[in-house]
Amino acid sequence: DLRIDLSQARRERYPSPGALPVVAPTTVERDLERRDLTIHSMALPLDRTGGAHLVDPFEGRLDLKRGLVRTLHDQSFRDDPTRMLRAARYAARFGFRLTDETRGQLRRAISGHALDPVSGDRIVHELERLLTEAAPARAARETRRWGLFETIARGWSPARSVDSALRRFGRSRTRAPWPGADRIEVRRACGLAILLLELSAPVRSRVLARLGIRGRAASAIDADLERFPRLRRALAQVRRPGSLDALLDGSADARLLLLFCASSGRTADAVRRYARELRHAPSALDGHTARRLGAVGSEIGELLRVARQRALDGEPVDTQWARRWLARRHA
């Protein structure tokens, strides 16, 4: 459970606000000068034989004790505006508060549209890190309270009802509701969709464009979120396993996890049951039998799906039933 990142001490120069830095090797002391927050600007020598102690030129240890988030200089958010998102995450994680000076710097950075030059990819990366927090709902709430979602894309302010979905999303990280729900790509897609829940179509499109998500990827997210309310209402009414299978048939894990996290009670239980059991249930017929009875092309797959759903409901499935089904289809 221990991860160690190794990197060379470096100094940074920002060619323009929001740009990626130009880096060069330097000393540990100079490396600490280019950090984002004082609580990140400490170093402990691994070789303690000389009696060396904590290197803490910006009193980060004191800020840790006081529960403060403080930048190293007044141009910090201008140099790298993604630091605003990181500061919100750490404040939420530890229950810290911004110093008055840092709060003023944040307001000036937001009013100066500091995030505008930052690429969508870099912002998505910071949002993904927010979603991997142990308490993503708290991190999102702090980010929203600081107005950072709004400064990413006009009109974007995740609804407070999203908090409960993010809490379930956070719990599902350590206790996956079904095998496969904990895959990184599934959680990334689901977490982003949760942050977009309950937004109007124009705002959602604006957010996706700002994050650099376009084309088929954007259309797929948009379509999922557009039909999400109707699908959730239908799930609340479904009672029979065959009907549940028909409703969720073909749903990818990211959509299922979204439905699970944004629902509760019987609806969430139904999604989990489908993902764990029903979607893996074999059909009561096989393809060879379907072809022998006269099914062709896509008709074969549809017949097998209907047969499986019928069997899940405890109804008989035999060749006589299959012939009647095909006869009705061909009528």
- Item | Residue in the range 189-208 that is hydroxyl-bearing (Ser, Thr, Tyr), outside any loop (DSSP other than H, G, I, E, B) and open to solvent by less than 50 Å² (accessible area, probe 1.4 Å) present | no
- Note on the structure: Going through (1) farther than 27 Å from residue 170 by Cβ; (2) modelled with pLDDT under 95 one by one, residue 38 fails only at (2)
- Message: If I ask for residues that are without any contact (Cβ under 8 Å) to a residue 40 or more places away in the chain, assigned to a helix (DSSP H, G or I) and either at positive phi or out of contact with any Phe, Trp or Tyr (no Cβ under 9 Å at 6 or more places or on another chain) (or both), which ones from the range 253-268 would you list?
- Response: 265, 266
- Return yes or no: is residue 102 crowded, with 19+ Cβ neighbours inside 10 Å and either touching a helix residue (DSSP H, G or I) at 6+ places or on another chain (Cβ under 6 Å) or within 24 Å of residue 9 (Cα to Cα) (or both)? no
- Message: Residues to consider are 281, 290, 270; find the one that is surrounded by fewer than 18 Cβ atoms within 10 Å (Cβ to Cβ) and touching a Leu at 6+ places or on another chain (Cβ under 7 Å).
- Response: 281
- Quick one: is residue 109 within 30 Å of residue 175 (Cα to Cα), at pLDDT 95 or above and of a type in the set (Gly, Ala, Ser)? no
- Message: I need every pair where a residue in the range 13-41 that is touching a residue at least 40 places away in the same chain (Cβ under 8 Å) has its Cβ under 9 Å from the Cβ of a residue that is exposed (fewer than 14 other Cβ atoms within 10 Å of the Cβ) and of a type in the set (A, V, I, L, M, F, W, C), sequence separation at least 6 or different chains.
- Response: 14/20; 14/22; 39/94
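Residues checked against (1) at pLDDT 90 or above; (2) open to solvent by less than 10 Å² (accessible area, probe 1.4 Å):
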| site | (1), (2) |
| --- | --- |
| 229 | yes, no |
| 247 | yes, no |
| 259 | yes, yes |
| 266 | yes, no |
| 294 | no, no |
| 317 | no, no |
| 328 | no, no |
- Message: Which count do you get for residues in the range 71-82 that are surrounded by fewer than 23 Cβ atoms within 10 Å (Cβ to Cβ), under 27 Å from the mean Cα position of the chain (by Cα) and either among the hydrophobic types (A, V, I, L, M, F, W, C) or under 23 Å from residue 131 (Cα atoms) (or both)?
- Response: 2
- Could you check, for the range 87-104, whether at least one of its residues is in contact (Cβ under 8 Å) with a residue 24 or more places away in the chain, among the aliphatic types (A, V, I, L, M) and assigned to a loop (DSSP other than H, G, I, E, B)? no
- Message: Taking the condition of being within 15 Å of residue 194 (Cα to Cα) and free of Cβ contacts under 8 Å to residues at least 60 places away in the same chain, how many residues in the range 105-161 meet it?
- Response: 20
- Message: Given the condition within 23 Å of residue 302 (Cβ to Cβ), part of a helix (DSSP H, G or I) and in contact (Cβ under 8 Å) with a residue 24 or more places away in the chain, answer yes or no: does some residue in the range 230-240 qualify?
- Response: yes
- Task: Assess whether residue 122 counts as being within 20 Å of residue 209 (Cβ to Cβ), in contact with a Leu (Cβ under 9 Å, 6 or more places away or on another chain) and open to solvent by 30 Å² or more (accessible area, probe 1.4 Å).
- Result: yes
- Among residues of the range 279-306, those that are of a type outside the set (Gly, Ala, Ser), over 13 Å from residue 326 (Cα atoms) and assigned to a loop (DSSP other than H, G, I, E, B), counted: 3
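The values are calculated or read from the model by the stated rules, or taken from the named source; none is laboratory data. The structure displayed is predicted, hence computed values, not measured ones. Every residue, glycine as well, gets a Cβ built from its backbone with ideal geometry; the counts of neighbours run over all protein chains shown. For the accessible areas, the whole protein counts, side chains as well, though only heavy atoms, and no ligand, DNA or RNA atoms are used. Shrake-Rupley method; radii C 1.70, N 1.55, O 1.52, S 1.80 Å.
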